[in-house]
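Asker: Have a look at the structure that comes next, please.
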Amino acid sequence: MNQASWSKTEGEKAEGNKQATAALRTLEAALRDISKGKPFFGGDSAGYVDIVLGGLLAGVRAMEAMLGVKAFDPVTMPLLAAWADHFGALDAVVAVMPDVSKLVELFITMHAHIAAEAATAN
């Protein structure tokens, strides 16, 4: 999603979306195979893989808000969507999860800064 969001051309955006979708399909398949129907990659409780991927969850949610898309769409990625809901609801996660609206503000500021630097470099 990152390449898709920062890209300049429609071709770059399309390629970024294609790569992100392929990666998410791989994660969806891995969750299906590893969890054996349980809510987490680790089974009934969050394990290492859940924690590592969960560290990206707030950023993904911010990108979803900025781009108006759902990375963990319940229709196309039902297992990942359920996983994100389960993981995000854990007490330990709720206590430390960054505020998505603040991340959106940060990403917008970063994007403006990068665009300004690129404009002065040309």
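The values are calculated or read from the model by the stated rules, or taken from the named source; none is laboratory data. For clarity, every value in this text was computed on a predicted model and none was experimentally measured. Please note: Cβ atoms are built from the backbone with ideal geometry, for glycine as well, and neighbour counts cover all protein chains shown.
Conditions tested, residue by residue: (1) modelled with pLDDT of 95 or more; (2) closer than 18 Å to Ala29 by Cβ; (3) among the aliphatic types (A, V, I, L, M).
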site: Asp73; (1), (2), (3): no, yes, no
site: Leu79; (1), (2), (3): yes, yes, yes
site: Leu90; (1), (2), (3): yes, no, yes
site: Val93; (1), (2), (3): yes, no, yes
site: Ile108; (1), (2), (3): no, no, yes
site: His113; (1), (2), (3): no, no, no
site: Glu117; (1), (2), (3): no, no, no
site: Ala121; (1), (2), (3): no, no, yes
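Asker: Can you report the number of residues in the stretch 71-108 which are of a type in the set (Gly, Ala, Ser) and assigned to a loop (DSSP other than H, G, I, E, B)? Step through it out loud before you land on a result.
Answerer: Going residue by residue through the stretch 71-108, those that are of a type in the set (Gly, Ala, Ser) are 71, 81-82, 84, 88-89, 92, 95, 101.
If we keep only those that are assigned to a loop (DSSP other than H, G, I, E, B) too, we end up with 71, 89, 95.
Qualifying residue count for the region: 3.
Asker: Check the stretch 22-36 and report whether any residue there is surrounded by fewer than 11 Cβ atoms within 10 Å (Cβ to Cβ), at positive phi and either among the aromatic types (Phe, Trp, Tyr) or out of contact with any helix residue (DSSP H, G or I) (no Cβ under 7 Å at 6 or more places or on another chain) (or both).
Answerer: Scanning the stretch 22-36 turns up at least one residue that is surrounded by fewer than 11 Cβ atoms within 10 Å (Cβ to Cβ), at positive phi and either among the aromatic types (Phe, Trp, Tyr) or out of contact with any helix residue (DSSP H, G or I) (no Cβ under 7 Å at 6 or more places or on another chain) (or both).
Asker: Scanning the stretch 87-105 for residues that are within 15 Å of the chain's Cα centre (by Cα) and of a type outside the set (Gly, Ala, Ser), which turns out surrounded by the fewest Cβ atoms within 10 Å (Cβ to Cβ)?
Answerer: It comes out as Asp99.
Asker: Still on this structure, please answer the following. Quick check: anything in the stretch 106-121 within 12 Å of the chain's Cα centre (by Cα) and either loosely packed, with under 11 Cβ neighbours inside 10 Å or hydrophobic (A, V, I, L, M, F, W, C) (or both)?
Answerer: no
Asker: Does at least one position in the stretch 57-65 carry a residue that is among the acidic types (Asp, Glu) and assigned to a helix (DSSP H, G or I)? First the steps, then the outcome.
Answerer: Step one: of the stretch 57-65, the residues among the acidic types (Asp, Glu) are 64.
Among the residues that remain, those that are also assigned to a helix (DSSP H, G or I) are: 64.
Yes, there is a match, as at least one residue in the stretch 57-65 is among the acidic types (Asp, Glu) and assigned to a helix (DSSP H, G or I).
Asker: Out of all the residues in the stretch 20-50, which are among the small types (Gly, Ala, Ser), in contact with a strand residue (DSSP E or B) (Cβ under 9 Å, 6 or more places away or on another chain) and not in a helix (DSSP H, G or I)?
Answerer: Result: Ala46, Gly47.
Asker: Oh, and also: Restricting to the stretch 30-81, give me the number of residues that are small (Gly, Ala, Ser), in contact (Cβ under 8 Å) with a residue 24 or more places away in the chain and under 26 Å from Lys102 (Cβ atoms).
Answerer: Within the stretch 30-81, the first condition is being small (Gly, Ala, Ser), and the residues that meet it are 30, 35, 37, 42-43, 45-47, 54-55, 58-59, 62, 65, 68, 71, 81.
Next cut, in contact (Cβ under 8 Å) with a residue 24 or more places away in the chain only: 35, 46, 54, 58-59, 62, 65, 71.
The next check asks that each one be under 26 Å from Lys102 (Cβ atoms); those that pass are 46, 54, 58-59, 62, 65, 71.
The total comes to 7.
Asker: Here are Ala65, Ala22, Ala118, Ala46: which of them is in contact with a Phe, Trp or Tyr (Cβ under 6 Å, 6 or more places away or on another chain) and not polar (S, T, N, Q)?
Answerer: Ala46
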